[in-house]
Amino acid sequence: MTTMAGRRHSPVPAPGAGFWEKVDERLGLSGWAYPIPEHANSLPYMLGGLTLFGFLILIATGILLAQFYNPDPANAHESVVYIITQVPLGDFVRSVHFWAANLVVVTALLHLIRVFVTGSYKRPREVNWLVGLGLLAVTLGFVFTGTVLKWDQEGVEALAHNREMGELLGVWGVWFTGEFSRSVPILTRLYLGHVTLLPAVFSLLIIVHIYLVKQLGMSPRATEAAVSGPPTKEQGDSNFAVHLRKLTGYGLLLFSLLGILALAWPAPLGRAGVPGVEVTKPPWMFLPFYPLEDLFGIRGLLVSAVVLFVLLGAVPFVDRSPWLSPRRRRGVLVAGALLLLALVGLGVYAWMSRPVPHLMG
Ligand code: HEM
């Protein structure tokens, strides 16, 4: 008989077999120690895994928060105040959730930049680049709906943008408007989006994403001579068990950092929101779009977001040279750097400018 790891063993366990051998025989755990390249164990190649670790923290803290959050518009803000002031460790759990949400956006963006710089989106990994973009969109969806749930001024204004966007999209955006359901308030439906729809889409995408990483193997190290091409599946000088151990180490560091941030700077909450007033700015990851909304209204917001995702989606189909090394791909990297600079510039400008009303009503 052969185990998942390819080891032969007899149908009867050896008399002196240790505890782990017996467990391994039943669960095939040694099968996880499949070969992977050594460079996959460095931090830049673990940013995706670290993002996933952040999501596990978000799920755990999110489940705790859901026991006390009330998605009814009349009670939502009050229930967040209750979480902060009455629930044992409620403020801490909410703050870890808040900081984890910010950190997964940072690690996901750094992961995207690593994949871009090392040319890891090239053949045969184009589909995984697109799935990654889907994951990024869902991640931003989580942040957006989470912002609304607080039901403070920032949340009420975010919801107003959600409505306007829905109306702009016409038939395609009806789900985002109050007209879609007369029996369930839109805040409650966005809460359902946050805790059921988005997690379902995220789970589906992450299963495909990880499946493709496993099937295609990690992209080769982007040396001067490296080319995209034959998958590195199951080829390497390290193994996945080592990778997982290192990832757990980085993950625990991330967890400690979240704990410190949560204790030092608890998640903010404004007063109960007043509809029809616009005095706040969006969370930092949406700031680059804010000046465009100033200039072109809600349409500017939609068009710039679509253009950005289309540009990113086109990357593997435009950059078709086989080279992985950044030195051999100067044009693409300069274009990427300019785009990043423009986004950071717009974000800083929005951060420094005063909030401006954009919406009609
Ligand atoms: C937002 C949540 C995301 C999660 C949880 C995630 C997770 C992962 C994981 C665990 C890996 C294995 C290698 C590593 O950790 O670097 C990976 C690889 C990969 N990801 Fe992501 N990812 C996400 C977003 C993205 C984005 C935004 C992109 C790009 C648009 C992307 C594109 C890729 C590609 C092309 C690979 C293969 C890289 C290689 O073989 O070197 N991912 N991802």
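The values are calculated or read from the model by the stated rules, or taken from the named source; none is laboratory data. For clarity, every value in this text was computed on a predicted model and none was experimentally measured. Quick reminder, even Gly has a Cβ in these numbers, built from the backbone with ideal geometry, and neighbours come from all protein chains shown.
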*Consider Phe286 against the criteria (1) more than 30 Å from Ile57 (Cα to Cα); (2) surrounded by 12 or more Cβ atoms within 10 Å (Cβ to Cβ); (3) not charged (D, E, K, R): it satisfies all of them except one. Which criterion is unmet?*
(1)
_Return the residues of region 113-128 that are near the ligand (Cβ under 6 Å from one of its atoms) and either within 22 Å of Val344 (Cα to Cα) or modelled with pLDDT under 95 (or both); say none if nothing qualifies._
Val115
_Neighbours by Cβ (under 8 Å, 6+ apart or cross-chain): first from region 15-41, closer than 16 Å to Ala241 by Cβ; second of a type in the set (Lys, Arg) and part of a helix (DSSP H, G or I)_ = Asn41/Lys246
*Evaluate region 142-163: report whether one residue or more is within 11 Å of the ligand (Cβ to nearest atom), of a type in the set (A, V, I, L, M, F, W, C), within 19 Å of Leu205 (Cβ to Cβ) and out of contact with any strand residue (DSSP E or B) (no Cβ under 9 Å at 6 or more places or on another chain).*
yes
_Checking the conditions here, which among Gly249, Gly270, Gly276 is of a type outside the set (Phe, Trp, Tyr), exposed (fewer than 15 other Cβ atoms within 10 Å of the Cβ) and not in a helix (DSSP H, G or I)?_
Gly276
*List the pairs whose first member sits in region 160-182 and is more than 24 Å from Pro357 (Cα to Cα), whose second member is small (Gly, Ala, Ser), and whose Cβ atoms are under 8 Å apart, counting only residues at least 6 apart or on separate chains?*
Trp175/Gly166
*Does region 205-221 contain at least one residue that is among the polar types (S, T, N, Q), more than 23 Å from the chain's Cα centre (by Cα), surrounded by 13 or more Cβ atoms within 10 Å (Cβ to Cβ) and within 30 Å of Leu130 (Cα to Cα)?*
no
